[in-house]
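Structure, as structure tokens:
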Amino acid sequence: MLKTNVLNPLSGGKPDSVVIFLHGLGADGADLISLGSAWQGSLPNTIFLSPDAPFPCDMATFGYQWFSLQNQSMSAISEGVKMAAPILDAYIDEVLKSQGVTPSRLILVGFSQGTMMSLYVAPRRAVQLAGVLGYSGMLVCGEHLLSEKKTSPPVMLMHGTEDAVIPFSSMAYAEAGLKAAEIPVESRACPGLSHGIDETGVEEGLKFLTRILA
């Protein structure tokens, strides 16, 4: 199982839901776990898990990656996502078993590369997850999604308008691709934000999570 940062339910009891954070290139599981700290007051029975991605980052001397981005062509990114997808799938299966929750009570929250992984894996799982919250990412292999999807988990996307790493236009492309695949999706632009998550993103993300897990 991937090395994981854990934030246990604030209630002190057995979790009734799970949020899995998937970080971006060159970060680690500690990078997003603070979101759980911001959200757990409203989700006291949720366990927050933030694993390190499976591979050391090959573009820095620290951090981890789901796949290499040295080649940033869409074909290379697609192959990278496909390569890492079984690892994430297995991790989700392990979490569901260890926490004793159903897929309908598990949400993926991704940032950047973590969003790419979430949007690829979630609709292709046999049993529908509760949803996907994706920050500053993109939809990979969207042209195959309708034919390959098995479920339609609700998705919320947020993206900074000044993102210089993954263009803001990626959000509109992802939204269109998800809608074409008949997956419910909503999106929100974050004016003036670069490649990151701002306070609005934290607040709107929590609204999505509480609505899905209510």
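General remarks:
- Checklist (1) surrounded by fewer than 19 Cβ atoms within 10 Å (Cβ to Cβ); (2) under 16 Å from Trp39 (Cβ atoms) applied to Pro191, failing item: (2)
- Filter result for Met138 (farther than 24 Å from Thr46 by Cα, within 15 Å of the chain's Cα centre (by Cα) and surrounded by 15 or more Cβ atoms within 10 Å (Cβ to Cβ)): yes
Per-residue answers, yes or no, for (1) in a strand (DSSP E or B); (2) surrounded by 19 or more Cβ atoms within 10 Å (Cβ to Cβ):
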| position | (1), (2) |
| --- | --- |
| Val19 | yes, yes |
| Leu35 | no, yes |
| Leu43 | no, yes |
| Ile47 | yes, yes |
| Asp58 | no, no |
| Ser68 | no, no |
| Gly80 | no, yes |
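- Subset of region 147-160 that is surrounded by fewer than 14 Cβ atoms within 10 Å (Cβ to Cβ) and touching a residue at least 24 places away in the same chain (Cβ under 8 Å) - its residue that is farthest from Gln128 (Cα to Cα): Glu148
- Scanning region 168-188 for residues that are surrounded by 13 or more Cβ atoms within 10 Å (Cβ to Cβ) and more than 13 Å from Val132 (Cα to Cα) yields Phe168, Ser170, Met171, Ala172, Tyr173, Ala176, Gly177, Ala181, Arg188.
- Answer from Ala76, Ala53, Ala84, Ala90 - the residue that is buried (at least 18 other Cβ atoms within 10 Å of the Cβ) and either free of Cβ contacts under 8 Å to residues at least 24 places away in the same chain or part of a helix (DSSP H, G or I) (or both): Ala84
- Scan of region 161-182 for residues that are out of contact with any Gly (no Cβ under 9 Å at 6 or more places or on another chain) and not in a helix (DSSP H, G or I), ordered by number: Ala164, Pro167, Glu182
Each value in this text was obtained by applying a stated rule to the coordinates, not by laboratory testing. Only a predicted model underlies this, so the values are computations on that prediction, with no experimental measurement involved. Quick reminder, even Gly has a Cβ in these numbers, built from the backbone with ideal geometry, and neighbours come from all protein chains shown.
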